[in-house]
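Notes follow the structure.
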Amino acid sequence: MDRFETERLLLRGWQESDYKDLYEYAQREEVGPFAGWSPHKSEQESKEVIRYFLQNKNSYAIVWKEENKVIGSIGFHKRTPDVKQSHLAQREVGFALHPKYWGRGIVPEAVNHLLKYGFEHLHLDLIWCGHFDFNTKSKRVNEKCGFRYKFQKTDRYKLFNNRLITSVYYCMTKDDYFEKKQLKSTADLSHTNRL
């Protein structure tokens, strides 16, 4: 897997030794169910999840460089939320973060880096991001990063005792990404010229 560095984060492949850090946040009720999975019941379960990550190679550990600690995960999955778009090269971003680190802009920092990688290096056409309709934190991340609302669908989830739950899907196209990048570049240049 590729390894990425941002100002405050390291996005890297998982290591078996990360299980304690993973369990620390994955056991919490306010994390897993909001991302679609059950809280981890033991460190052993976290070890098994890391083995799964290592086999599938589509999930990165989010490392907070200041503490050299895994504080979350970000997936870059080969999924097609809208089958009408299945002819396009696409991925779906999914994430989870330790609640102690919420509110610091960490997930947008990680997502923006994967957007850059996806559109500039993998030459994707589309990148998706979805969330359950009650997950307002993920909604804010999607909006901050420039994703646009596309559709929603309702399914029954075993995790929620087979209740009907609505998932909301957003996406960003290659054109959206490069337009956003151009606008930012123009704004930065304008700011520099005023100094």
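Readers should treat all values here as calculations from the given coordinates under stated rules, not as data from a laboratory. Computed from a prediction, not measured in an experiment: that's the story for all the values here. In this analysis, Cβ positions are derived from the backbone assuming ideal geometry, glycine residues included, and neighbour counts consider all displayed protein chains.
Of the candidates Leu115, Leu122, the single residue that is assigned to a loop (DSSP other than H, G, I, E, B), within 23 Å of Val63 (Cβ to Cβ) and in contact (Cβ under 8 Å) with a residue 24 or more places away in the chain is Leu122.
Table: residues versus (1) more than 27 Å from Arg140 (Cα to Cα); (2) under 17 Å from the mean Cα position of the chain (by Cα); (3) acidic (Asp, Glu).
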position: Gly13; (1), (2), (3): no, yes, no
position: Ala35; (1), (2), (3): no, yes, no
position: Lys47; (1), (2), (3): yes, no, no
position: Arg51; (1), (2), (3): yes, no, no
position: Asn56; (1), (2), (3): yes, yes, no
position: Ser59; (1), (2), (3): no, yes, no
position: Ile62; (1), (2), (3): no, yes, no
position: Lys65; (1), (2), (3): no, no, no
position: Thr80; (1), (2), (3): no, yes, no
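Checking each residue in region 65-86 for being more than 20 Å from Cys129 (Cβ to Cβ) and either of a type in the set (D, E, K, R) or in contact with a His (Cβ under 9 Å, 6 or more places away or on another chain) (or both) picks out Lys65, Glu66, Glu67, Lys69, Val70.
Taken over region 91-111, the criterion of being closer than 18 Å to Arg148 by Cα and touching a helix residue (DSSP H, G or I) at 6+ places or on another chain (Cβ under 9 Å) is satisfied by Arg91, Val93, Gly94, Phe95, Val107, Pro108, Val111.
Scanning region 51-64 turns up at least one residue that is touching a helix residue (DSSP H, G or I) at 6+ places or on another chain (Cβ under 9 Å), exposed (fewer than 15 other Cβ atoms within 10 Å of the Cβ) and touching a residue at least 24 places away in the same chain (Cβ under 8 Å).
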